[in-house]
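Student: Please read through the structure below; I'll follow up with questions.
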Amino acid sequence: MKFLIPLVSLSLVFICGCGSGGGDGGGSRGSARTGARVLNTAIDLPPVSLSTSAKVGETISTVKFAEATGFAELPEGEQTISVQSVDGASGPFKFSVSIQNQDRPQILVYGLRETNGINATLLEFKKLEIPDGFAAVRIAHGAAGAATIQGSVGVSELPAVVSFGSASKYLFVATGTTLVKLTRSADSKVITNQQVQVDNRKAYTFVVSGELDYLVIGSLLED
């Protein structure tokens with residue numbers, strides 16, 4: 001990006017409810033028990049729309065950059081879910097999924113249009129068995145300018161670096177307030193260093209969006 005501003009790290013804590021998601025043009029803040037969510041981490045991308053072959057011609061969710069949304073409702077069964085920018089210039093990115101009761105896939109949209117282009121990844125979405133007294137947290141890396149990142153959640157170190165456009169394995173961390181610390185692997189430049197609140201036996205994805213040296217946003221989203 002041409003103009004540099006101080007790096008910003010913003011924590012957004014979103015607690016999923018039982019309401020259904022929707023295609024309201026701005027990303028619903030309700031959340032379906034069985035559904036999908038788009039993580040739009042590309043800073044120069046217009047909003048992206050989510051659709052499914054099970055509901056032909058219908059947009060089930062629209063998500064802005066770094067927006068914290070709930071899960072838009074999906075029917076159960078075999079289907080293809082698609083994501084593309086609302087201007088039609090990026091995508092569609094298509095993923096074949098088999099949705100069962102309480103499956104909630106997430107699609108990470110990442111990249112920069114002006115340099116390496118836009119891409120998308122379907123993140124693992126199988127239900128976890130989380131011990132009492134703990135939460136599960138993983139890191140989704142969508143911050144351009146870092147090929148890989150490393151760091152820790154609470155006292156637990158990430159077992160491996162996280163590549164751009166991918167997510168780490170889940171870490172079990174003690175419930176309550178915990179510190180997420182992430183750095184760029186190449187030079188240990190701090191990406192985010194912030195406290196978040198995690199609840200008992202809940203699973204979360206901590207999403208890093210934007211572009212290093214311009215704007216970075218960290219969002220903690222309940223899975």
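Student: Tally the residues that are basic (Lys, Arg) and part of a loop (DSSP other than H, G, I, E, B), restricting the search to region 146-184. Before you say what the answer is, go through the steps one by one.
Tutor: Applying the first criterion (basic (Lys, Arg)) to region 146-184 yields 169, 181, 184.
After this cut, where a residue has to be part of a loop (DSSP other than H, G, I, E, B) as well, the list is 169.
Matching residues across region 146-184 total 1.
Student: Can residue 138 be described as under 14 Å from the mean Cα position of the chain (by Cα) and of a type in the set (Lys, Arg)?
Tutor: On the way: under 14 Å from the mean Cα position of the chain (by Cα): yes; of a type in the set (Lys, Arg): yes.
For residue 138, the condition - under 14 Å from the mean Cα position of the chain (by Cα) and of a type in the set (Lys, Arg) - is met.
Student: Another question, if that's okay. Which number in (1) under 24 Å from residue 70 (Cβ atoms); (2) surrounded by fewer than 20 Cβ atoms within 10 Å (Cβ to Cβ); (3) under 18 Å from the mean Cα position of the chain (by Cα); (4) not acidic (Asp, Glu) marks the one condition that residue 201 misses?
Tutor: Exception for residue 201: condition (3).
Student: Looking only at region 163-185, which residues are out of contact with any Lys or Arg (no Cβ under 9 Å at 6 or more places or on another chain) and either at pLDDT below 95 or closer than 15 Å to residue 41 by Cα (or both)?
Tutor: Taking region 163-185 first, the residues out of contact with any Lys or Arg (no Cβ under 9 Å at 6 or more places or on another chain) are 163-166, 172-174, 176-182, 184-185.
If the condition is that a residue be out of contact with any Lys or Arg (no Cβ under 9 Å at 6 or more places or on another chain) and either at pLDDT below 95 or closer than 15 Å to residue 41 by Cα (or both), then 163, 164, 165, 166 are the ones that fit.
Student: If I go through region 143-161 residue by residue, how many of them are in contact with a Phe, Trp or Tyr (Cβ under 8 Å, 6 or more places away or on another chain) and surrounded by fewer than 16 Cβ atoms within 10 Å (Cβ to Cβ)?
Tutor: Count: 3.
Student: Looking at 107, 81, 130, 60, can you tell me which residue is in contact with a strand residue (DSSP E or B) (Cβ under 8 Å, 6 or more places away or on another chain), more than 12 Å from residue 36 (Cβ to Cβ) and β-branched (Val, Ile, Thr)?
Tutor: Numbers: 107 fails: more than 12 Å from residue 36 (Cβ to Cβ); 81 fails: more than 12 Å from residue 36 (Cβ to Cβ); 60 fails: more than 12 Å from residue 36 (Cβ to Cβ).
It is 130.
Student: Quickly run through region 185-223 and pick out the residues that are touching a strand residue (DSSP E or B) at 6+ places or on another chain (Cβ under 7 Å), among the hydrophobic types (A, V, I, L, M, F, W, C) and not in a strand (DSSP E or B).
Tutor: Of everything in region 185-223, just one residue is touching a strand residue (DSSP E or B) at 6+ places or on another chain (Cβ under 7 Å), among the hydrophobic types (A, V, I, L, M, F, W, C) and not in a strand (DSSP E or B), namely 212.
Student: Could you look through region 162-178, keep only residues that are under 19 Å from residue 143 (Cα atoms) and without any contact (Cβ under 8 Å) to a residue 40 or more places away in the chain, and pick out the one that is surrounded by the fewest Cβ atoms within 10 Å (Cβ to Cβ)?
Tutor: Step by step, filter region 162-178, then rank; the result is 169.
Student: Would you confirm whether any residue within region 52-62 is within 30 Å of residue 145 (Cα to Cα) and at pLDDT 90 or above? Lay out the reasoning, then the answer.
Tutor: Pass one, region 52-62, residues within 30 Å of residue 145 (Cα to Cα): 61-62.
Keeping just the survivors that are at pLDDT 90 or above gives 61-62.
For region 52-62, residues within 30 Å of residue 145 (Cα to Cα) and at pLDDT 90 or above: present.
Student: Then there's this: Right, residue 146: over 17 Å from residue 50 (Cβ atoms) and in contact with a strand residue (DSSP E or B) (Cβ under 8 Å, 6 or more places away or on another chain) or not? If you could, list the steps in order and put the result at the bottom.
Tutor: Numbers: over 17 Å from residue 50 (Cβ atoms): yes; in contact with a strand residue (DSSP E or B) (Cβ under 8 Å, 6 or more places away or on another chain): yes.
The answer is yes for residue 146.
Student: Restrict the check to region 104-117 and report whether at least one residue is modelled with pLDDT of 95 or more and among the β-branched types (Val, Ile, Thr).
Tutor: Within region 104-117, one or more residues are modelled with pLDDT of 95 or more and among the β-branched types (Val, Ile, Thr).
Student: Residues of region 84-142 being part of a loop (DSSP other than H, G, I, E, B), surrounded by 15 or more Cβ atoms within 10 Å (Cβ to Cβ) and of a type in the set (Gly, Ala, Ser), which ones?
Tutor: 90, 91
The values are calculated or read from the model by the stated rules, or taken from the named source; none is laboratory data. No experiment lies behind these values; they were computed from the predicted model shown. Glycine also receives a Cβ, built like all others from the backbone with ideal geometry; neighbour counts cover every protein chain displayed.
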